Each structure stands twice: as structure tokens, then as C-alpha cells.
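Participant: Here it is, the structure in full.
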Amino acid sequence: MIRTAQAADLPAIAALHTRARATYYQGHIPEQAYLGDAELQRTREGWSRAISRDAAEGGVLCAEQDGELTGVAAYRTQDGETTLTQLHVDPVHWRHGTGAALHAACVELWRRAGIDRVRLEVYEHNLRARAFYATRGWLADPSAPHAGTHVTLWLQVGDVPDPSGG
């Protein structure tokens, strides 16, 4: 089930985010950068802000199975540009359709809001995520330089097939 995140979800979202990031950052950046106390606090604060945003500024969606949070996605619209800021699936739930369901729910929300184009930055060494986004129509922006260790991708929302056939 995909649903809108609530403030009560914050501890579970922050923990899931941390577990997911550890899988792709491990061996690439110092552990303190994704598991240190300051980073864990920053993560919690960031998710708290995202959950409390006005719907016109973005949203946070949770994937849930049998009462357990299995994935989370967040997007933000600012200055006329929409960004998929986060999409994480708990590693124990990889390859079970959770990420695909979250992505489809985001695309549907963007369609209903009249959003035509969305950007994201993906960690360059996260090949699993890069392949996931490529199969869903996200394309690298050849004119955008790397944002540090991240690659910028764009999605034309109208190019994504509508599963409802509409």
C-alpha cells in the first residue's frame, strides 16, 4: 500500500533511509558521512521538514506492507522546478516491486498536478538506482556537470506510460 507520510512515521522513515544509504555508500565514502551522529540528526530533520511541507510544495509517500514501512519517496517543487529528492526501499524488500510502486505513485501525483518535467540527482556509484531510473525513462542531462558525486537525471512525465491507460 502507498500512502502519504505522517509525522508519526518519522522514526521509521529516518531508520529506513539510513539503512538504504549504508548499502550504496559503504566502501565509497567514510562511514561517518552517512552513519555519524550529526548525519543521523540531519537526516531526521530533513525528513521532518519534508513531511510537514504544504502539498503545493511537495510530498512524502510511504510504501507499507503488513504494517511495516518498506519504502519512502519524497519530492519537492520550488521555483517552478520539481525534484524527486529521495526514493529509498528497505534493502530487505529490494526487488519486490516497492520502488516501482512508489515511483508510479509519484508519477501519478505529478501528472495530476500538471508537472511535466522532474529532476533528480543520483549517487554516481549507485548503479542499482541508476538502472532503476533508466528503465523508467529518466535520462542523464549531458549539459549538467556532476553535482559532486551525483549525476543529474530528468524525467518527462508525459513520456511515462500511464498504467491506468488514461
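We did not get these values from a lab; they are worked out from the coordinates using the rules stated. Quick caveat: nothing in here was measured; it's all calculated off a predicted structure. In this analysis, Cβ positions are derived from the backbone assuming ideal geometry, glycine residues included, and neighbour counts consider all displayed protein chains.
Participant: Want the number for ASP116 to ASP141: 0.36 nm per residue separation, take away the alpha-carbon distance, what's left?
Facilitator: Details: separation 25, 0.36 × 25 = 9.00 nm, distance 1.60 nm.
Contour length minus the Cα-Cα distance gives 7.4 nm.
Participant: Quick query: amide H of HIS150 versus all other amide H atoms, modeled in the peptide plane; which residues come in under 5 Å with a sequence gap of 5 or more or a different chain?
Facilitator: Those qualifying (amide H under 5 Å, at least 5 residues apart or on another chain) are GLU124.
Participant: Evaluate the distance, in nm, between pseudo-label points positioned 7 Å from the Cα of ASP79 and of ALA8 along their respective Cα→Cβ axes.
Facilitator: Placing both labels 7 Å beyond Cα along the Cβ direction yields 3.8 nm.
Participant: Among ALA56, ILE115, ALA74, which residue has its Cα furthest toward the positive end of the charge dipole of the stretch 2-159, with +1 on Lys/Arg Cβ and -1 on Asp/Glu Cβ?
Facilitator: ILE115
Participant: Could you order the peptides 109-116, 122-129 from most to least packed, using the average number of other C-beta atoms within 10 Å per residue?
Facilitator: Values: 109-116: 14.8, 122-129: 16.9.
Output ranking for 109-116, 122-129: 122-129, 109-116.
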